[in-house]
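Below is one structure, written out as structure tokens; the observations come after it.
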Amino acid sequence: MGRPPLRIAVVGVGHLGRHHARILSSLDGVRLTAVVDIDEARARQVAATSGATPFTDAGDVLAEVDAVTIAVPTEQHVEVALPFLARGIPTLVEKPMARTLVEADRLIDAAARTGATLAVGHTERYNPAVAAALPLVTTPRFVEVHRLGVFSERSLDIDVVFDLMIHDLDVVTALVRSEVASLEAVGVPVLSPRVDIANARLRFASGCIANLTASRISRERVRKLRFFQPDMYVSIDYAGQELDAFRLVRAGRERPAIEGGRLDLPREEPLARELADFVRAAREGGRPIVDGEAGRRALALAQRVAEAMGTVT
């Protein structure tokens, strides 16, 4: 006999949460039991399209679910997630996982006390191009990142570092695999009271330098990441899910030759891969690819960048 479906709820069904509901409602072995939003009309609308029951209070579904994903504003993450973690319910919290490291530690400690799975929604880590780059990026010496987006009224309660750059801080540190020894950063508020464009230069203990630019005031959308290492260049286009790799081949040749090109990758929705990984971890009691500790590391580095810019989060 097969296992019963995993009963899951989505708390917060705004711009991102409604995609959680869409994907979870179609995943094998999952039953989207509830969607929760303080906007009753929005909860009903998303519930109608996903087959779930609408609620306006997360506390009403605590006894009804086996797992939960939380996509409410960052300042509400702790108050919404803690009751689920206290019951041992696997919980995925969108990025950034909390406003402060103290709050992040509260979530991690709560999960540790009950043994609950804690995942953080750093979706780019699930991008097929990033996953394929992991075994290729071995000794990076220089990294260049550009994440440019057009202006939106969404997420203006946080700096662009916590809104956009934090994705790349997570991916770069995962691929460089070295501690950040020092950093410099500058940020400018342009169209909002918060920093809208930022640049950070990270020096890793390995000697690698990473230069990251994030903007939410561009006229075009760019999401690219490039790694340079001895005899190899690796380029990732997040949006296109494209990976180019070129290698300098010396052995057995009179002259070195450049070989490589675009790798053939399956196109998959990163959020769907993320949610499938969370469901797997929730069922098996294992660790998701981006767990609470990984989410905390990204948040800690983002805060270091903000401090170097002289901004207050």
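Data for the structure
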| read-out | value |
| --- | --- |
| Net charge contributed by nearby residues that have their C-beta within less than 10 Å of Ala104 (K/R +1, D/E -1) | 0 |
| Computed label-point distance, nm, for sites Ile217 and Ser26 using a 7 Å Cα→Cβ extension | 3.8 nm |
| Total formal charge among the other residues, if their Cβ is under 15 angstrom from that of Val30, Lys/Arg +1 and Asp/Glu -1 | +1 |
| Taking Tyr233, Tyr126 and counting other C-beta atoms within 10 Å, the order from fewest to most | Tyr233, Tyr126 |
| Estimated FRET transfer efficiency when R0 is 35 angstrom, pair Glu293-Arg255 (beta carbons, to 0.05) | 0.15 |
| Asp60/Val186 FRET efficiency (R0 35 Å; Cβ-Cβ; nearest 0.05) | 0.15 |
| Mean Cβ neighbour count within 10 Å, used as a protection proxy, ranking 273-280, 118-125 highest first | 118-125, 273-280 |
| Karplus-derived 3J(HN,Hα), 6.51/-1.76/1.60, for each residue of region 238-247, Hz, glycine and proline x | 4, 5, x, 6, 10, 10, 10, 9, 10, 10 |
| Computed FRET value (nearest 0.05) for Arg247 with Ile38, which takes r as the C-beta separation and R₀ as 41 Å | 0.20 |
| Debye log10 I(q)/I(0) at q = 0.08 Å⁻¹ for the chain, Cα point scatterers | -0.38 |
| Per-residue HN-Hα couplings for region 135-145 [Karplus 6.51, -1.76, 1.60; θ = phi - 60°; Hz; x = Gly/Pro] | x, 8, 7, 10, 9, x, 10, 8, 10, 10, 10 |
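Quick note: the coordinates plus some simple rules give every number you see, no bench work behind them. These numbers come from a predicted model, not from an experiment. Cβ sites come from the backbone with ideal geometry, for glycine too, and all protein chains shown count toward neighbours.
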